[in-house]
Every structure is written in structure tokens, then in C-alpha cells.
Amino acid sequence: MAHRPPSKSDPILIIGAGVFGLSTALELSSRGYKNITVLDRYPPPVPDSSSVDISRIIRTEYADPVYSQMAQEALKGWKSEYKDNYYHTGFVMLSETASNPYVEKTLEIIHAQGRALDEFEDGNILKGMYPDLGADLSSLRAYHNPEGGWADAEGSIRHLSHKCSHAGVSFVTGPQGTVLSLRKQGSRVVGVEVASGDFLPANQVILSTGAWSNLLLDVSHTASASGQPVGFIQLSPEEAHSIARTPVMINLTNGIFCFPPTPGTNILKVARHSYGFATSILSGATNRTVSSPKLDSNNADKSFLPQEADKALRDGLRQLMPQFADRPWSNRRLCWYTDTPEGDFVVDHHPNMDGLFVAIGGAGHGFKFLPVLGRYIADRYENCAPEILRQKWRYRLPDGRGDLKIGDGSRAGPPLRVLTVEEQSNL
């Protein structure tokens, strides 16, 4: 389908106030688009969005040259415009094996760029750089980059949403901003139906709905939702101070990663970058059963993890922060990813629906690009992105091969599992 050049006076509805939706709104506004409205169930920072939490990893290590370059550009933004939300602690990848395909490809790309990582066969060498590391890491290989750390995700999204408001972007939240379905006339999307209030018309609808996307549009062949386990432990000021000088660490063999305690709150966070857990929810818009977080409630309110996920987080803490492994959780929950077959974003005009642009598929790594993501998405929207991105982020139609859920090679842990009916009742 040939897409006409977008008019800058056309009303644009962006569904979703996460990192994809907000960064797109801000960039389009900077390019002269005058009539942009962002819709969501909650005002940003949306409490159960995958863009919002106390921390997100900021790194430049990628087994893909496109994301590696984007991450380096984004890091400059984190260290400048978003410096108040960025903590430059260093970043460490760990491996329990001498050979790790993701690490090997990452090192190949880094070396081709003229960069390098510190590589240690004995992870305990890190203690010379980070004196607060107390774990025995001698059996782990370590790959260290001082150029990395973590960001206050909620604070970053709040800053981004304020910039959108100052740029003239409108927001509609609550039932009037809760989109239930797309309205179509023939093959054209002409607006959205919301939970309360009148139909909202638009010349262009941008779908940035993350893990909720399959509730509105059948994208199951190219994106699906999975919940990833996260746990939080409240430390005392003295305990937090004792591990303040530690880097962000991820064990690529089991997927467990943890952060230094958050300044001010002294919360220790541990999570797993894995294949996660799926749900079975009926979509009223598409009349299909899909995996999705709930639409009608705040998914972050439910402090539930499957038993094996809870144990995996505990085991990971015993390896990386053993002194706190048996402390009670102050909170725990599932964080919702939007998975794609190769871990690539899906950013494209819908090939069969005029007036619909899709920007989803963060795949557990989209947030770190916040300072530059909108520019890349807007280039795709205006059909001026380089060919490599046109192909990499294209909206793929079903090809009959089924779900190729392999990610980008960085994940670990057990295969994706659909939660039982009893487990889902706890969400």
C-alpha cells in the first residue's frame, strides 16, 4: 500500500504514553506537527508500563551494529540532557562459560568500532575497581565497561512527558484515554473507540501500546507479550552504603541482573532477562485469546511471581549480592516485555491499513534509547530512514512459519511458559 506523505496539520493520535509514544510525540512536534494527542489509561509515568520503574540498564554492548551505534548516541543524551536521571556506575556482563555467542558477537562489533571491553577470566578482579563487591565471582568470566550504568526510568519518563506538554502535545487519560478498538472505514483507520466518551477521529493513528498491542491489533506473528520477574528489597541506609560502589551486573548464563541501591530510597532491585511468562486474555477488539497484561487495572499493583521465578531471583542474589539473598521482598512483580522474533523493534506504516503507523517491540531493551528513539521513529514515519532500518523494523505480515520467539540472543532462563488459570487469578 502506498502511503501518502503525512500532513503536519493532520490530527495524530498516539496510543500509549511509554517511551515509544512519548519520544515519538516530542520528535514529531519538533518537526512541526501541530495536532498531536497522546492517549493512555494513566498519565505518564504510566505505573505499569515497561518504561517505568526505579531503574533501567544503560549500556552500549550489543551483538548488532545498528543498536550498538544507537546506544552510543543515546549514552551521550543520558550524560547531558538526562544527566539528572542517569547514574554512571559502570556495566558488567558475566558468563558461567568460556564461550558465549552473544558476548562473542558483541566483542566482534566493539572491536570493529575501535572500542574495547575489559575482559577477565576471573570475575573477582572486578573487586579492584569496585571495592563494595562482596560476592565470590571467581568462577565467572567478566566483561566490563566503565561507560554504562543505569537510569531512573520513572524520572526520565516524567521529564520526557513534561517536554511533550511544553511542546504543545495534548494528553487524554483515564477512561477517555483508554482505547478499546480501532475504527476503520474500508482499509483505512480513521480513529479510535475509547472506554468512555465519543469516538476520537484522526488522520493518523500511531500504535505505541507495547505489551497491550495484541489487544487492539493482531500482531501475534511479529510481537507478543511476556512478564519478566522483578524483586525489590528495602535496605537500611547503612546497608545501601555498603554496596553503593558496585556496577550494574548481568549474568548472561541465567539472565539475572541487579543494580546498585537507588539513592534516597535504598532499594535493591534484582530481575531476570528471560523468556518470561504468558497469559491468556480474550481481546474484545480482535476476538482472539492473546498474552497481555490487563487493560482495566494497574498491573504493577499485583505483588505476585510464580514460585520458580521467585527462587531464580533468590539464587541470583546469592551469586551476586549474597548478603541480601534471604531478605524479604518489599515488592515483587512481573514487568511486561513486548517480544519480537529477533529482538528488533517494529516501526512501520501498516502495509494493509492506511492511516495506521506501528511503533512497538521494545523487546526488553528499548528504554535505553530514550534520548534518541523519537528521531529514529519519526524518520520511519516520514519515510526517510536508511534502508537498513526500513528492512530491520518493517511490519512483517504472517508467513505461516508460526512464532519464532528467539530474541536477540541475550536472554537466558527457562522457556516461555503460559501461567496457569490459578496463577493468572493472582495478577
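Cβ-Cβ distance below 8 Å, separation of 6 or more or different chains: which pairs start in segment 310-324 with a residue that is of a type in the set (Lys, Arg) and end on one that is modelled with pLDDT of 95 or more?
314/325; 314/326; 318/325
Would you check if there is a residue in segment 383-390 being at pLDDT 95 or above, touching a Phe, Trp or Tyr at 6+ places or on another chain (Cβ under 9 Å) and open to solvent by less than 50 Å² (accessible area, probe 1.4 Å)?
Checked against the condition, which is being at pLDDT 95 or above, touching a Phe, Trp or Tyr at 6+ places or on another chain (Cβ under 9 Å) and open to solvent by less than 50 Å² (accessible area, probe 1.4 Å), segment 383-390 yields at least one hit.
If we keep just the residues of segment 137-161 that are of a type in the set (D, E, K, R) and in contact (Cβ under 8 Å) with a residue 60 or more places away in the chain, which is farthest from residue 95 (Cα to Cα)?
Filtering segment 137-161 for residues that are of a type in the set (D, E, K, R) and in contact (Cβ under 8 Å) with a residue 60 or more places away in the chain, the one farthest from residue 95 (Cα to Cα) comes out as 158.
Checking the conditions here, which among 388, 377, 360 is under 30 Å from residue 103 (Cα atoms), out of contact with any strand residue (DSSP E or B) (no Cβ under 8 Å at 6 or more places or on another chain) and touching a residue at least 40 places away in the same chain (Cβ under 8 Å)?
Answer to the check: 388.
So, residue 234, is that one in contact with a Ser or Thr (Cβ under 6 Å, 6 or more places away or on another chain) and over 20 Å from residue 347 (Cα atoms) or not?
yes
For residues in segment 111-140 being part of a loop (DSSP other than H, G, I, E, B), under 20 Å from residue 100 (Cα atoms) and among the hydrophobic types (A, V, I, L, M, F, W, C), which is most open to solvent (accessible area, probe 1.4 Å)?
116
Of all residues in segment 226-262, count the ones that are touching a Gly at 6+ places or on another chain (Cβ under 9 Å), open to solvent by 40 Å² or more (accessible area, probe 1.4 Å) and part of a loop (DSSP other than H, G, I, E, B).
1
Quick one: what pairs do we get from segment 162-177, first residue open to solvent by 60 Å² or more (accessible area, probe 1.4 Å), second polar (S, T, N, Q), C-beta under 6 Å, 6+ apart or different chains?
Matching pairs, first to second residue: 175/196; 176/196.
Kindly provide the set of residues from segment 20-61 that are assigned to a strand (DSSP E or B) and in contact with a helix residue (DSSP H, G or I) (Cβ under 6 Å, 6 or more places away or on another chain), ordered by number.
36, 38, 39, 56, 58
Any chance segment 203-223 includes a residue that's over 21 Å from the mean Cα position of the chain (by Cα) and surrounded by fewer than 20 Cβ atoms within 10 Å (Cβ to Cβ)?
Yes, segment 203-223 contains at least one residue that is over 21 Å from the mean Cα position of the chain (by Cα) and surrounded by fewer than 20 Cβ atoms within 10 Å (Cβ to Cβ).
For (1) within 27 Å of residue 424 (Cα to Cα); (2) part of a loop (DSSP other than H, G, I, E, B); (3) open to solvent by less than 10 Å² (accessible area, probe 1.4 Å), each residue gets a yes or a no:
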site: 271; (1), (2), (3): yes, no, yes
site: 274; (1), (2), (3): yes, yes, yes
site: 314; (1), (2), (3): yes, no, no
site: 317; (1), (2), (3): yes, no, yes
site: 323; (1), (2), (3): no, no, no
site: 327; (1), (2), (3): yes, yes, no
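The values are calculated or read from the model by the stated rules, or taken from the named source; none is laboratory data. Predicted model only: the values in this text are computed from it and were never measured. Cβ atoms come from the backbone with ideal geometry, glycine included; neighbour counts cover every protein chain shown. Just so you know, the surface numbers come from the protein's heavy atoms only, side chains and all, with ligands and any DNA or RNA stripped out. Shrake-Rupley method; radii C 1.70, N 1.55, O 1.52, S 1.80 Å.
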